Amino acid sequence: MAELYIRTDLTDLPDERGYFGEFGGRFVPETIMPALDELENAYAEAIADPQFHAELSHLQRTYTGRPTPISYARRLSEALGGAQVYLKREDLAHTGAHKINNALGQGLLAKRMGKRRIIAETGAGQHGVGAATAMALLGLECHVYMGSVDIRRQQPNVFRMKLLGAEVIPVESGSRTLKDAINEAMRDWVTNVEMTFYLLGSALGPHPYPMMVRDFQSIIGTEAREQIQAQTGQLPDACIACVGGGSNAIGLFHAFRDDTATELIGVEAGGRGIESQEHAARFADLDISRPGILHGTRSFVMQNDDGQIMETHSISAGLDYPSVGPEHAHLRQLERAWYTLATDEEALEAFQVLSKLEGIIPALESAHAVAEAIKRAPTMPRDSVLLVNLSGRGDKDLDTVISILGE
Ligand SMILES: *Cc1c(COP(=O)(O)O)cnc(C)c1O
């Protein structure tokens, strides 16, 4: 099956300082710099080593269940009366989402580097569960930082992580949510950098993380590009994915980057609407979102006039983050990718439509991508093809949906 994407083209991004155009880079305390250099070198060695690819690819096949299939959404396509909609089924990967792709890749790298103590951050607990799962498999020690507000909201995932042998460390600073958990994880890394590997969950953070996470997730697009051609005889007219930090989207987009006839569309969380200012649409609301630095990288950041980070809102915890991966900021600036949004309400509607018409309950995050397909397909000819990344399954969201829709 598809191999990890190895950078052979020197014009490919990021550049050697970790920049995607004017975004990305490395904005961290001096004490972390040597650790990032060590990581970058170890990663470069790993991806040049066929043994590393073989090991990762073996786990992807025998543990994660890759390749995940592509499903033709026949009834949805008929109902929409335009483009034919295909779903890349990351919901069928072990643990029910794409996050395992990155957790296994970084876990194998940590092992190779001889680091047995893994730290991670989590918001809703999805990356925490992915990390705890991979570390259980690889026999590494796992500590997950999580805001105390999120711990209260996400009890089942907290229990899952503990069951998988991870330690969950409550974070009481700031808003006691994801961004505070990332701050604490970075603080831990500075203190324990010798023996610790920081397993970052999205295509964010200081170089080399955005590149490394993209590479580990690019299996999604590499598989999908072959599969869609085998099933339809053509490349898709558009690829659609939801964008939180941006890892599932960049994982899908990357394989299509040179297929300029294929539109790349990222969908952000529109929350309660742009006017409400309760959303996480970093590219849509340019009154409160502009280039800035958060968690070690330069990208679009939702901030007030004083540069204080804004609170965000989304019905889906995985999209609820005030910044976005730097490569997306670059793709947007190049106009290679386009970014739009779906509101909570539209995502909730798409969640129900896909369940009823296809027998697939999507994650609320993924439902944002489905919502865009529902808007776009009817405007397209019947022989056109839309490829939607179904980043995860929706079982984790049933409580949220029931509390809104009633029993
Ligand atoms: C975490 C998560 C996301 C958002 O993260 P990205 O890095 O933007 O992919 C989307 N879908 C699911 C199912 C998730 O768990």
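The values are calculated or read from the model by the stated rules, or taken from the named source; none is laboratory data. Here the structure is a predicted model, which is why all the values come from computation and not from measurement. Here the Cβ positions follow ideal geometry from the backbone for every residue, glycine too, while neighbour counts run over all protein chains shown. Each accessible area value is taken on the protein alone, full model and side chains, heavy atoms only, with ligands, DNA and RNA left out. Shrake-Rupley method; radii C 1.70, N 1.55, O 1.52, S 1.80 Å.
On average, how much accessible surface per residue is there in the chain, in Å², for a 1.4 Å probe, leaving out ligands, DNA and RNA? Don't jump to the answer; show the numbers that get you there.
Values: 15860 Å² over 407 residues.
So the chain comes to 39 Å² accessible per residue, rounded to a whole number.
Using modelled backbone amide H atoms (1.01 Å from N, in-plane), which distant-in-sequence or interchain residues come within less than 5 Å of Thr343's amide H?
Long-range HN contacts for Thr343: Gly270.
In debye, nearest 20: dipole of the chain around its Cα centre with unit charges on the Cβ of K, R (+) and D, E (-)? Walk me through the numbers before you get to the answer.
Numbers: 37 positive and 55 negative charges, 192 e Å.
For this selection, approximately 920 debye.
Go ahead and set up a Gaussian network model of the chain, Cα springs under 10 Å, then flag whichever of Leu341, Leu331, Leu264 fluctuates most.
Leu331
Can you give the helix-only mean residue ellipticity at 222 nm for the chain, where every DSSP H stretch with n ≥ 4 adds -39500 (n - 2.57) and the sum goes over all residues, rounded to the nearest 500 deg cm²/dmol? Walk me through the numbers on the way to the answer.
Numbers: 15 runs with 162 residues, N = 407.
When only DSSP H runs of four or more count, the value is -12000 deg cm²/dmol.
Can you list the HN-Hα couplings for region 227-238, worked out from phi with the Karplus curve (6.51, -1.76, 1.60; θ = phi - 60°), rounded to whole Hz and with x for Gly and Pro?
Calculated HN-Hα couplings, in order: 5, 5, 6, 5, 7, 10, x, 8, 7, x, 6, 8 Hz.
Find how much the distance from Leu235 to Arg290 grows on full extension, using 0.36 nm per residue of separation minus their present alpha carbon separation; answer in nm with one decimal.
16.4 nm is the gain from fully extending Leu235 to Arg290.
Would you mind working out the magnitude of the charge dipole of region 27-99 relative to its Cα centre, with +1 at each Lys and Arg C-beta and -1 at each Asp and Glu C-beta, to the nearest 20 Debye?
My answer is approximately 840 debye.
Have a look at Ser77, Ser323, Ser276 and tell me which one the Gaussian network model of the chain (Cα, springs below 10 Å) gives the largest fluctuation.
Taking springs between Cα atoms under 10 Å, the residue moving most is Ser276.
Run the simple label-point estimate for Ser175 and Asn41 please: 7 Å along Cα→C-beta, distance reported in nm.
So the label points at Ser175 and Asn41 sit 3.9 nm apart.
Step by step: find N for region 230-328, compute 2.2 N^0.38 Å, then divide the Cα radius of gyration by it. What's the final number? Walk me through the numbers before you get to the answer.
Details: Rg = 15.0 Å, N = 99, 2.2 N^0.38 = 12.6 Å.
Dividing the Cα radius of gyration by 2.2 N^0.38 Å gives 1.19.
If you average 1/r across every pair of different Cα atoms in the chain and take the reciprocal, what Kirkwood value do you get, in Å?
Averaging 1/r across every pair of different Cα atoms and inverting gives 20.9 Å.
Tally the DSSP beta bridges in the chain and give the antiparallel ones as a percent, rounded to 5.
Antiparallel bridges make up about 30 percent of those DSSP assigns within the chain.
Test of understanding: in a Gaussian network model of the chain with alpha carbons linked when under 10 Å, which of Gly123, Gly114, Gly221 would top the mean-square fluctuation ranking?
Result for the chain, Cα springs under 10 Å: Gly114 fluctuates most.
Taking the Cβ-Cβ separation of Lys375 and Glu194 as r and a Förster radius of 45 Å, what is the calculated FRET efficiency to the nearest 0.05?
The calculated FRET efficiency here is 0.35.
Taking region 45-184 on its own, what percent of its Cα-Cα pair distances exceed 22 Å?
48
Using DSSP, restrict attention to beta bridges with both residues in region 1-153 and report what percent are antiparallel, rounded to the nearest 5.
Roughly 45 percent of the DSSP beta bridges within region 1-153 come out antiparallel.
Return the carbon/sulfur percentage of the accessible area of region 184-265, one whole number, probe 1.4 Å, all protein chains in place.
47
Between beta-carbons, use under 14 Å as the cut-off and find the net charge around Val28, counting Lys and Arg +1, Asp and Glu -1.
-1
If I model a spin label as a point 7 Å beyond the Cα along the Cα-Cβ vector, how far apart are those points for Ala261 and Arg75 in nm?
3.3
Quick one: with all protein chains in place, what share of the accessible area of region 279-407 is carbon or sulfur, to the nearest percent (1.4 Å probe)?
49
Taking 22 Å as R0, compute the FRET efficiency from the Cβ-Cβ separation of Lys356 and Ser403 and round it to 0.05.
0.65
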